[in-house]
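Below: one structure, written as structure tokens.
Read-outs throughout are calculated quantities, based only on the coordinates presented, and are distinct from any laboratory measurement. Keep in mind the model is a prediction, meaning the values are calculated, not measured. Positions of Cβ are generated from backbone atoms using ideal geometry, with glycine treated the same way; all protein chains shown enter the neighbour counts.
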Amino acid sequence: MQDYKKEFIEFLVKNNALQFGEFTLKSGRVSPYFINTGVFETGMAIDRLGYFFASLIKDEFNEEFDVVFGPAYKGISLAVTTTISLNKDYDMDKYYSFNRKEIKDHGDKKILVGHVLEDNDRLIMIDDVVTDGGTKFETVELINKLAQVKYVGLVVAVNRREKTKDGLDAFLNIEEKLKFPVKAIVTINEIRDYLIEREIDGTVYLNKEKAKEIDKYLEEYGV
């Protein structure tokens, strides 16, 4: 496992963005863990989060793209902080772009903020998670009305490795329907294997009992 992945896992638990317990998800499933990147609310935290996304992009796609696009709302800060990190940490100066939920009735009246997408732009989409992929299909539909871009891939923070309610692998479903790869900084399997019984700054965040709960959950809902 690359160092930035290990650092990201520790970053999640130290900032309480990854918790273990009993959580009812939007899907109705009761999960033994919960991930919330919305807790990164300081300049230092969001800067570090951008570094991890930038590291994934550098690792998977190198410089073969032009724009990082973040769907409103959670994707907005991710697109901005990731392009800052790409420039600062990897000397890759790329565009960022994100959409408004509603078109303004004054000013520029544009639906996009940042780079205005153009035909043949090579685009990476960025978001926090993938559930059933529905919002990603909606985002692609929106983008296609604005320009004929070339989709390089979608990057997210964590791959929960779960089936959708229809029994599909959410990542593979997007890849097959939209014809571009989906990558995550880490998977739940990598998180489990790295954290189990590991002491981080004096704390063991994942003991064997909690790890077994994750295994049981993935046996039922995993792919």
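Details
- Neighbour counts of C-beta atoms inside 10 Å place THR24, THR164, THR37 in the sequence THR24, THR164, THR37, starting with the fewest.
- Shown for the chain are the DSSP H helices of 18 Å or more along their axis, judged by Cα atoms, with a mean Kyte-Doolittle hydropathy of at least -0.5: 43-61, 74-90, 134-146.
- Pair-distance distribution P(r) for the chain, from all Cα-Cα distances in 10 Å bins starting at 0: 7, 32, 35, 19, 5, 1 percent.
- Extent along principal axes [Cα atoms of segment 30-158; Å; largest to smallest]: 41, 38, 27
- Normalised by the number of residues in the chain, the average gap of Cα pairs under 8 Å and 6 or more apart makes the relative contact order 17 percent.
- Unit charges on C-beta of K, R, D, E only; dipole of the chain, Debye: 480 debye
- Within the shell of other residues whose beta carbon sits under 12 angstrom from the beta carbon of LEU49, the net charge comes to -2, with Lys and Arg scored +1 and Asp and Glu -1.
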